[in-house]
1. Is it true that Val303 is of a type in the set (A, V, I, L, M), part of a helix (DSSP H, G or I), under 21 Å from the mean Cα position of the chain (by Cα) and surrounded by fewer than 21 Cβ atoms within 10 Å (Cβ to Cβ)?
2. Output the number of residues of segment 380-409 satisfying the condition of being touching a helix residue (DSSP H, G or I) at 6+ places or on another chain (Cβ under 8 Å) and of a type outside the set (A, V, I, L, M, F, W, C).
3. Select from segment 385-409 the residues that are farther than 23 Å from Gly454 by Cα and more than 15 Å from the ligand (Cβ to nearest atom) and write down the one among them that is nearest to the chain's Cα centre (by Cα).
4. Please pick out the residue among Asp243, Asp208 that is at pLDDT 95 or above, surrounded by 17 or more Cβ atoms within 10 Å (Cβ to Cβ), of a type in the set (D, E, K, R) and over 26 Å from Gly150 (Cβ atoms).
5. Tally time: how many residues in segment 306-352 are farther than 22 Å from Phe96 by Cα, more than 16 Å from the ligand (Cβ to nearest atom) and assigned to a helix (DSSP H, G or I)?
6. Do we have Val412 as surrounded by fewer than 19 Cβ atoms within 10 Å (Cβ to Cβ), more than 15 Å from the ligand (Cβ to nearest atom) and of a type outside the set (Lys, Arg) here?
7. Which residue pairs have Cβ atoms closer than 6 Å, lie 6 or more positions apart in sequence or on different chains, and pair a first residue in segment 429-443 that is more than 17 Å from Asn464 (Cβ to Cβ) with a second residue that is buried (at least 24 other Cβ atoms within 10 Å of the Cβ) and of a type in the set (Lys, Arg)?
Amino acid sequence: MSLPTLAELSRRLGKGDVSSVDLTRDYLARIEAQDPALNSVITVIAEQALAEATAADARRAAGESGALLGIPLLHKDIFCTAGIRTSCGSKMLDNFVPPYDATAVARLKAAGAVTLGKTNCDEFAMGSSNENSFYGPACNPWNTERVPGGSSGGSAAAVAAGFAAGATGTDTGGSIRQPAALCGITGLKPTYGRVSRLGMVAFASSLDQGGPLAATAEDCALLLQAMAGFDPADSTSAEHEVDDYSARLEADLEGLKIGLPKEYFGDGLDAGIDTAVRAALAEYQALGAELVEISLPHTHLAVPAYYVIAPAEASTNLSRYDGVRYGYRCEDPQDLYDLYTRTREEAFGAEVKRRILVGTYALSAGYYDAYYRKAQQIRRLIQQDFLAAFDSVDLIMGPTTPHPAWVLGEKVNDPVAMYLEDIYTLSVNLAGLPGMSVPVGFVDELPVGLQLIGPHFSEARLLNAAHRYQQVTDWHTRRPAL
Ligand code: GLN
């Protein structure tokens, strides 16, 4: 089965072949009929979506155009949406209705995109399988007994299942690329600072970055175009000019130098993934690219460094959930201390508590130098590995994940095994680089992703490389039968 891409829908809207109201109705109907099997969408806002679609159709009728005008989207439930519950997959924020939109959401709305609802995710984006959600796991549409990946698992599953033309996600250590890979769609994690973090509920502030998930690179280019750009209200947002992401999609790949990190093809990589990724790399050679083996020697330190830095930042970010300011509050607190402790005990899930404990420990006096400072030093070495590699290659490619989607429940009691699933994606966040995942085949009927990594602010080049591959292959057109 194949479904129209966002770009195709945009062309049809432009020609007047279809209205935004029609599209919105179709998507809402698909969600209603098919999402009970996936649990990928946790809040549907049908009435508001139809009102937004009607407004988009009126804007088109009045002569306005724009690639996203009238395009129905879903947002990961970690982006604040004015007047719509934003739970972050947590009991803590089950009752939280933000008074404002995240900048990324506001920009997509201003471009005319319609919000269908909010997608399931791991609690506060901590996870690789979407099993840490208060609302229960989302399932992989290719095999509902398997995980969709995480933490943007709901967004990836929903896009793969055809519940929206595209979705937003966030990626702190792989959470856009990894679920995109496991669900057979395209996902882009931009350079740190490219997309505003304002209103994107913080997990690990120096790593978090929002980006698009969609069927194709062409679709991701359209979504990123609206999401990207400087935001004076986010002090970490980059004051760097935004490229025209669609303009360079067709550029020739002749002479492109692709680095293959030998550390990404070693032990622990599933043989079927290795084969699919190598076949994709052969396509790149046929497109004129040159493959060069490179080394990123500190790759083995990415998981330990990330699992100090991310929990450290999470432990401070999550201190705001105290039962006073917003979200859950325990019943009948005896005193202030009881209010804090019981609120947090009752409303945070096990993985979030684990991260708060690890992070608090790593930041405590006496351990700060041994763990946090050391992890920051490793982070710099990892970044230097990439920068050195980009002296001799244009892009880096390899597998997005070591394994295809695993069975629900299989790794829930083994956090380290779960953490190791992000082995190829974490370093990219530690270095602040942009990365993508593109579908390149199947292993046992489960999708495989190729990861593309570029220098800072090279999103246009990444999208170009992904698009050229998608022009000569059809993996991105495959859709699960639901
Ligand atoms: N799986 C990683 C973690 O659990 C990354 C999550 C993310 O990118 N949000 O921290």
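The values are calculated or read from the model by the stated rules, or taken from the named source; none is laboratory data. A quick note: this is a predicted structure, and the numbers were derived from the prediction, not measured. Ideal geometry is used to build each Cβ from the backbone, glycine not excepted, and the neighbour counts take in all protein chains shown.
1. For Val303, the condition - of a type in the set (A, V, I, L, M), part of a helix (DSSP H, G or I), under 21 Å from the mean Cα position of the chain (by Cα) and surrounded by fewer than 21 Cβ atoms within 10 Å (Cβ to Cβ) - is met.
2. Count: 10.
3. Checking each candidate, the answer is Pro404.
4. Asp243
5. Going through segment 306-352 one residue at a time, the tally reaches 1.
6. no
7. The qualifying pairs are Leu430/Arg379.
A quick yes/no check of all residues on (1) assigned to a loop (DSSP other than H, G, I, E, B); (2) within 15 Å of the ligand (Cβ to nearest atom):
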{"position": "Tyr419", "(1), (2)": "no, yes"}
{"position": "Ile423", "(1), (2)": "yes, yes"}
{"position": "Asn429", "(1), (2)": "no, yes"}
{"position": "Val438", "(1), (2)": "no, no"}
{"position": "Arg461", "(1), (2)": "no, no"}
{"position": "Ala481", "(1), (2)": "yes, no"}
